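Contents: one structure, followed by commentary.
The values are calculated or read from the model by the stated rules, or taken from the named source; none is laboratory data. Remember, predicted model here, so these are calculated numbers, not experimental data. Here the Cβ positions follow ideal geometry from the backbone for every residue, glycine too, while neighbour counts run over all protein chains shown. All accessible areas refer to the heavy atoms of the entire protein, side chains included, with ligands and DNA or RNA removed. Shrake-Rupley method; radii C 1.70, N 1.55, O 1.52, S 1.80 Å.
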Amino acid sequence: MLGLIPVYPGTSEAAQLQALYIRAFPANERRPLEPLMTDQTGHAQVLAAMEEGEFRGFVCSLIQGDLLHIIYFAVTEDQRGRGLGSQILAAVREASPGMRLLVDIEAPDPTAENHLQRVRRQEFYLRNGYTETPVRYSWRGEDYIILSRGGNLTPEEFRRFWDDLSYSISNAKRY
């Protein structure tokens, strides 16, 4: 059975998570995860997806008000394609009743080298009940779209999320 457990620096799950993080995300999108793992404010969480005692993936999120923003999410390469990603998203949703869940995805771009991957990622989230919001932004040279589940999100709410979060977590805007 799949479960989500908190991850802290120095644990075996942290080492596995870090290795997957480096494989799954391009260098321009990666930020240090230790500040999220050691957050004491309750606004950040780093969770390992475990199944039968084995590390299967992870979810890193930021929380402010009724918004839970998944900023990093990955499943180990050998476990992809068996519905585990959907199970992880469902577990996050079940653990966060009443929250609007947000994810950001690279905007589909026919000229991008990974265009098909971007389209597949968008289709994955849409199949899992997420809908496109009007929120668009650019970060570190890449264009993103925000998808949500549990309610829409306006551009003003997204700005306020980051403004409010920056009061609680130092360097929050780095993410």
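Laid out as a table, the results:
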{"read-out": "Computed lengthening from Glu123 to Glu54, 0.36 nm per intervening residue step minus Cα-Cα distance", "value": "22.1 nm"}
{"read-out": "Debye intensity ratio I(q)/I(0), log10, segment 1-104, q values 0.10, 0.12 Å⁻¹ (C-alpha model)", "value": "-0.25, -0.36"}
{"read-out": "Of all accessible heavy-atom area on segment 1-86, the percent that carbon and sulfur account for (1.4 Å)", "value": "52 percent"}
{"read-out": "Relative contact order [Cα under 8 Å, 6+ residues apart], the chain, whole percent", "value": "18 percent"}
{"read-out": "Built amide H within the under 5 Å cut-off of Asp109, gap 5+", "value": "none"}
{"read-out": "Accessible solvent surface per residue of the chain, calculated while the other protein chains remain in place, 1.4 angstrom probe, Å²", "value": "51 Å²"}
{"read-out": "Accessible surface of Leu33 - all protein chains present, 1.4 Å probe, nearest 10 Å²", "value": "10 Å²"}
{"read-out": "Cβ-Cβ FRET estimate between Asn114 and Ser138, R0 fixed at 25 Å, reported to 0.05", "value": "0.90"}
{"read-out": "Accessible area of Ser148 in the full protein assembly, 1.4 Å probe (Å², nearest 10)", "value": "0 Å²"}
{"read-out": "[x] 22, 20, 17; [y] 36, 20, 15; [z] 24, 23, 14, with the label sought being that of the calculated semi-axes √(5λ) of the Cα gyration tensor in Å", "value": "[x]"}
